[in-house]
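These notes are about the structure you will find just below.
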Amino acid sequence: MKQQMNASAYHLKPGEIKKLIVAAGNFRDRCIIKTLYWLGLRRKELVELDVRDIDFDRKRVLVREGKGGKTRIVPIIDDEYLSDLQHLLGSRQEGPVFISSQRKQMSLRMINRIIEKTGDTAGIKNPNPARAHLNPHLFRHSIARFLKSKGFTAEWIQNFLGHQSYKTTMDMYGTISIEEMQEVAAQKLGE
C-alpha cells in the first residue's frame, strides 16, 4: 500500500524559485512570487496586504488577520526583495500592494492564474503528483524548508509562518525531506 505524503513535504528548491521569478510575465508578478516566498504569506494574506502594512525602515510587514484572525509581524529577510517592493510601490502611501490592471485589489483567482502561468512558462511542475499546476501555498512550504535548511529553529519558522501551535510547525517541517536526506548522504559518502 502506497503511503500518502503530507502536502508540506512538497516544496520547490531555491533554483526553481529563481527560474519562476525570471519567467514571470512582468515586474508586479515577479514581486508577487517573491512576496509569497520571502514572506511566507498565504494567498489571502497577499491580496489583503496594504501599503501601510510595510515598514521599510524596520524591514518588516504587518500581516493583518491571517488564518484564525491572527495578526503577525514578518521580517523582510531579503534585501533585493525589499528594494523590489519599494520600486513596485513608488510613491503610493496606501491601498493594496498588488493591484490589477484596473487599479483594483487582485482576486484570489488572479493570483492562482499568475502562479500557474508562470510555472508553465518556466517549465516547473508541482512536485506533488496529485496537482497539475503550481499553487501559491507551495511557496510557503518552500520558504519554510529553505529556512530549516539554513538552520532556523522550528520556533522561528512557527512565528514567521504564523502557526498557532509549535506542534503544527514540527508536524510539517520538523523532519527532513527525502531530498535533504539524499544530499546529506551524498556529502557524507562522497568524503
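The values are calculated or read from the model by the stated rules, or taken from the named source; none is laboratory data. In this text the structure is predicted, and so the values were computed from the model without any measurement. Virtual Cβ from ideal backbone geometry, glycine too; neighbours counted across all protein chains shown.
Close contacts from region 137-162, counting a first residue that is more than 13 Å from Thr35 (Cα to Cα) and a second that is surrounded by fewer than 19 Cβ atoms within 10 Å (Cβ to Cβ) and at pLDDT 90 or above, with Cβ to Cβ under 7 Å and a gap of 6+ residues or different chains, come to Phe146/Pro14.
Looking across region 39-72 at every residue that is assigned to a helix (DSSP H, G or I) and not charged (D, E, K, R), the one that is nearest to the chain's Cα centre (by Cα) is identified as Leu46.
Out of the residues in region 70-87 meeting the condition of being in contact (Cβ under 8 Å) with a residue 24 or more places away in the chain and among the aliphatic types (A, V, I, L, M), tell me which one is farthest from Arg52 (Cα to Cα). Going through the qualifying residues, I end up with Ile77. I need the full set of residues from region 111-122 which are touching a residue at least 24 places away in the same chain (Cβ under 8 Å) and more than 15 Å from the chain's Cα centre (by Cα), in order please. Within region 111-122, Lys117, Thr121, Ala122 qualify. Looking at Gly25, Gly66, Gly40, just one residue is modelled with pLDDT under 95 and exposed (fewer than 14 other Cβ atoms within 10 Å of the Cβ), and that residue is Gly25. Checking Asp84, Asp50 one by one, the residue that is at pLDDT 95 or above, of a type outside the set (Phe, Trp, Tyr) and touching a Cys at 6+ places or on another chain (Cβ under 7 Å) is Asp84 and no other.
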